[in-house]
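The values are calculated or read from the model by the stated rules, or taken from the named source; none is laboratory data. Computed from a predicted structure; not experimentally measured. We place every Cβ from the backbone using ideal geometry, glycine too, and count neighbours over all the protein chains shown.
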Amino acid sequence: MSGDAPGLDAYLRAQEKKDLLRLITCGSVDDGKSTLIGRLLYEGKMLLDDQLDSLKAESARVGTQAGDLDFALLVDGLSAEREQGITIDIAYRFFATDKRKFIVADTPGHEQYTRNMATAASTADLAIILADAHRSSELLTQTRRHSYICSMLGIRHIVLAVNKMDLVQYDHAVFEAYVAKYMAFARELGLTQVECIPISALRGDNVVAPSSQMSWYRGPALLPYLETVDFGRESSTRPLRMPVQWVNRPNADFRGFAGTIASGTVKTSDRIKVLPSGQEATISRIVTQDGDLETAVDAQAVTLVLDREIDVSRGDVICAAGSPVSIADQFAVRVLWMAPEELLPGRTYLMKAGTVTTQATVTALKHKISINTLEHNAAKTLQLNEIGLCNISLGKPIAFEPYAESRDLGSFILIDRITNQTIGMGLIDFALRRASNIHWQNLEISRSARAAQKNQKAAVIWFTGLSGSGKSTIASALEKRLYSLGRHTYVLDGDNVRHGLNRDLGFTDADRIENIRRVAEVARLMVDAGLLVIVSFISPFRNEREAARNLMGEGEFLEVFVDAPLDVCEARDPKGLYKKARRQQLMNFTGIGSPYEAPENPDAHLDTARLSVEAAVDKLLSLLEAKGLTSA
Amino acid sequence: MERDRLLDVVQRLTHLQRLEAESIFIMREVVAECEKPVMLYSIGKDSSVMLHLAMKAFYPAKPPFPVLHVDTTWKFREMIAFREETTARLGLDLIVHVNSDGVRQGINPFSHGSSIYTNVMKTEGLRQALDRHGFDAALGGARRDEEKSRAKERIFSFRSRHHRWDPKNQRPEPWKLYNTRKSKGENIRVFPLSNWTEFDIWQYIYLEKIPVVPLYFAKERPVVRRDGMLIMVDDDRLPLEPGERPEMRKVRFRTLGCYPLTGAIESDADTLPAILDEMARARNSERQGRMIDRDGMGSMERKKLEGYF
């Protein structure tokens, strides 16, 4: 055997001592990001023979460098990327030198893929922003955008790599002029640690070794800089925070709280406080499979056992008792919008922050940020890749820290409840104190007591469907039947509510969302009062109907799809609205100028083109009976 | 004062400890948020590390999911023996799935070619097993440093009802906020070893004394040379071509798959230190020994699109 054990041990120890720098390359299309990474791997002798062979073969076949090695092919790993010669998504490459290990993420330059760039930036310690010396008369939009995102996400170390110096005859003045422009912008962003390096990724100047072509440049070449930059984070010196990820209960004798320490250290016999509940306890054990620990530090994945039984579940945060985090349910946040559908204030989304998932609504969009000028502009919505400052309101209070203090406890994603897509990422700037000033009144008579007094169970029967589908007619007939059965009922009708409570609202998407939000809240109060509430609203969007469902308790919400084809509704046209809409006298009319999203799994589906009103009511009554809502 | 005191006790985690913690976080996230997870167990070194990490993540509980091996019926015999020994030793719930349609049709790597064979016995087999048991999340041991299309994949990789991967439209995955939401029938492939390199894997196996299949260690084995690869004659099902005669050579495997498709390397490395030493000097990547990666440019991506993990 060839291995020499003592020598190897020393070698492995040296490997273990190396720290890992996570970096990204970003910048505009064609600034040479992929080429730079390829050059780093190649010059650093980090490409293995079979990888180099297949690179040679692919370069000859589909390369863009006239037969020379096309380094972009090393990172553009998707067929679509190689066909189009563009980078669509992040590629992660791993390499190590004698001094350090690196994970470098090559990010897409096109604006449409900004969300992928931001994904990579969120976990990076350092960003290389490439610029093209040949196109250096002004800062390109993507250079600004990527710099902004890096600063927003708190990447402290920036390398401005002014690339393609070979195309400007390695001219010192070109470099200096560009650096001056960039640094002015960087100062506005608050980026302080910026290292500016003139390079040619294609020719290898100043990539791994100083270039003989640019003797005027006295600074380090890129790789030596990456190997030595001090990027340490000091989260061990902050107070303990551990979001509880999973409760470990293999048997009745063990109850541990599994999680990864976000900051600080924890020791046995430390006093801790659990947020949001505020209960305190003492750490009795720090459990790992390798044996119990006395101390655990940030980034370690552990299981904590407490000295007494308190209620702790996923989403809670275990903190040092002496310096707990705050809790709040309303925040000022910055959001990068990542979906093709616009952000709608008032719509309820899901927010995942740390290990908590809860409902979240943008209550106010204060402004969006212009990437070019950094100006704040008024906005009603955010489009794909736009960044906005908003107020956000959650379904329940969460334990948090501002992003500036904790990446783990101050970051979140927004998820669409219908498509399940990740549609936004954001950072908490600060909590809005409003939440803590309005306390819930705990009333002594409960909702079930109120319903029981009426000898019934309370619920919402939610009718949705096009105008003219028969909602109001059936709702009214259903109420009559329920009334005759001795039930206490109320009908909330779209037209009637718009005459009063909602008369300030129009028919834009945002107003329709607010219309439904208000009527859902009113319905909830009525359910609280013990009533059977029939809501008869077009309620065109799945998302808001889902939000209404979530406001009610389990089994308290029945969705009824009052369904008739558009042409049938239009032929009925009881209020003459379709005619007006067709004559363009009525904008945003559901089914004509505005979409209707039919329910996917309604509790009842009434085909009113076939069913009589009586038959529809009979069908609903048997549903209500099955749910135990018609009897006492 | 407080700060000074704390600074004294601050330890920095090593690179491998950080990777370990990251993988454990990912696995716990799957268990906390998914309804019916499963761990794909391919018996190789990465699976061994993943299993070891799962034992740590949920300790003192057992990993709260079964392990699934999609058996193509062409695995090395030593792999199957190792699988049985390992799952028994750790007390795991093992599911072995064989695509019986493929067996009935007699699909094999020789008459059907590696591409069709892999598609039927591995990819289709995997999809069948996931559908049959209704698993909504499958932990896999793939690493981003293995291959170019792997390098592009998210840690939580969303799959459609038909198990398809849409590489042009992956969910953004900022920080470590993994979105596990999906509709009925859709599922997620999760790769807790995404950020590990091949070297990290071996170094960890060495430090943590994790058992691996003996085929990784050099030994005299019967092999034939085919298409520039050394193929081990593991049983009498390997059809020998005219003039081909198995010869004994000291070889080992850097990666393990189906024996007719996995090339050995000539090596003297018969201990973990020797393997690490060999790797530090290696001039070829581990995938060089995988015939299925040679089915043309983008072959891994195509297989992944079809539902290969």
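Could you tell me which residue of the range B:195-217 is surrounded by the fewest Cβ atoms within 10 Å (Cβ to Cβ), considering only residues that are within 8 Å of chain A (Cβ to nearest Cβ) and assigned to a loop (DSSP other than H, G, I, E, B)? It comes out as B:Thr197.
In the set (1) within 34 Å of the chain's Cα centre (by Cα); (2) part of a helix (DSSP H, G or I); (3) at the interface with another protein chain (Cβ under 9 Å from one of its Cβ atoms), A:Arg61 fails one condition alone, (1). For the range A:111-142, the set of residues classified as within 12 Å of another protein chain (Cβ to nearest Cβ) and outside any helix (DSSP H, G or I) consists of A:Ser122, A:Thr123, A:Ala124, listed by residue number.
Taking the range A:451-569 and the strands (runs of 3 or more DSSP E) fully enclosed by it, no element has 2 or more residues that are under 29 Å from the mean Cα position of the chain (by Cα) and at pLDDT below 90.
Please indicate, with yes or no, whether at least one residue in the range A:564-583 is over 23 Å from A:Arg542 (Cα atoms) and of a type in the set (Ser, Thr, Tyr). Within the range A:564-583, not a single residue is over 23 Å from A:Arg542 (Cα atoms) and of a type in the set (Ser, Thr, Tyr). Only a single criterion out of (1) farther than 30 Å from A:Ile261 by Cβ; (2) buried (at least 22 other Cβ atoms within 10 Å of the Cβ) is not satisfied by A:His157, namely (1). Taking the range B:167-189 only, how many residues are surrounded by fewer than 23 Cβ atoms within 10 Å (Cβ to Cβ), among the polar types (S, T, N, Q), at the interface with another protein chain (Cβ under 8 Å from one of its Cβ atoms) and over 17 Å from A:Ile88 (Cβ atoms)? Here the count works out to 1. Among the residues of the range B:88-139, which ones are free of Cβ contacts under 8 Å to residues at least 24 places away in the same chain and over 24 Å from B:Pro239 (Cα atoms)? B:Ala88, B:Arg89, B:Asp131 - these are the residues of the range B:88-139 that are free of Cβ contacts under 8 Å to residues at least 24 places away in the same chain and over 24 Å from B:Pro239 (Cα atoms).
Going through (1) among the aliphatic types (A, V, I, L, M); (2) touching a residue at least 40 places away in the same chain (Cβ under 8 Å); (3) closer than 25 Å to A:Phe102 by Cβ one by one, A:Ala221 falls short only on (2). Exactly one residue out of A:Arg100, A:Arg115 is more than 15 Å from A:Leu36 (Cα to Cα) and surrounded by fewer than 24 Cβ atoms within 10 Å (Cβ to Cβ), and it is A:Arg100.
The number of residues in the range A:9-51 being within 14 Å of chain B (Cβ to nearest Cβ), charged (D, E, K, R) and touching a residue at least 12 places away in the same chain (Cβ under 8 Å) comes to 3.
Give the range A:98-132 a look and list any residue that's closer than 25 Å to A:Ser59 by Cβ, out of contact with any helix residue (DSSP H, G or I) (no Cβ under 6 Å at 6 or more places or on another chain) and among the hydroxyl-bearing types (Ser, Thr, Tyr), or say none. If the condition is that a residue be closer than 25 Å to A:Ser59 by Cβ, out of contact with any helix residue (DSSP H, G or I) (no Cβ under 6 Å at 6 or more places or on another chain) and among the hydroxyl-bearing types (Ser, Thr, Tyr), then A:Tyr113 is the only one that fits.
Output the residue which, of all residues in the range B:81-131 that are β-branched (Val, Ile, Thr) and in contact with a helix residue (DSSP H, G or I) (Cβ under 6 Å, 6 or more places away or on another chain), is farthest from B:His162 (Cα to Cα).
Selected residue: B:Ile107.
For the range B:1-28, taking the residues that are farther than 12 Å from A:Ala299 by Cβ and within 7 Å of chain A (Cβ to nearest Cβ), the one that is modelled with the highest pLDDT is identified as B:Arg28. Scanning the range A:52-81 for residues that are touching a Ser or Thr at 6+ places or on another chain (Cβ under 8 Å), buried (at least 19 other Cβ atoms within 10 Å of the Cβ) and not small (Gly, Ala, Ser) yields A:Leu69, A:Asp70, A:Phe71, A:Leu73, A:Leu74, A:Val75, A:Asp76, A:Leu78, A:Glu81.
Only strands (runs of 3 or more DSSP E) whose full extent lies in the range A:235-348 are considered here, and the ones with at least 3 residues that are modelled with pLDDT of 95 or more and at the interface with chain B (Cβ under 10 Å from one of its Cβ atoms) are A:246-251, A:254-260, A:301-306. Residues of the range B:60-101 that are modelled with pLDDT of 95 or more, assigned to a strand (DSSP E or B) and either within 14 Å of chain A (Cβ to nearest Cβ) or out of contact with any His (no Cβ under 8 Å at 6 or more places or on another chain) (or both): B:Val67 alone.
In the range A:349-362, what count of residues is obtained for those that are away from chain B (no Cβ under 14 Å) and either farther than 19 Å from A:Gly410 by Cβ or of a type in the set (Ser, Thr, Tyr) (or both)? Break it down stepwise before answering.
We begin by selecting, within the range A:349-362, every residue away from chain B (no Cβ under 14 Å); these are A:361-362.
Next, from what is left, pick out any that are either farther than 19 Å from A:Gly410 by Cβ or of a type in the set (Ser, Thr, Tyr) (or both): A:361.
Summing the residues that are away from chain B (no Cβ under 14 Å) and either farther than 19 Å from A:Gly410 by Cβ or of a type in the set (Ser, Thr, Tyr) (or both) in the range A:349-362 gives 1.
Taking (1) part of a loop (DSSP other than H, G, I, E, B); (2) among the aliphatic types (A, V, I, L, M); (3) closer than 18 Å to A:Thr265 by Cα in turn, A:Ala379 satisfies each apart from (3).
Of all the criteria given as (1) surrounded by 15 or more Cβ atoms within 10 Å (Cβ to Cβ); (2) out of contact with any Pro (no Cβ under 6 Å at 6 or more places or on another chain), the one not satisfied by A:Tyr596 is (2).
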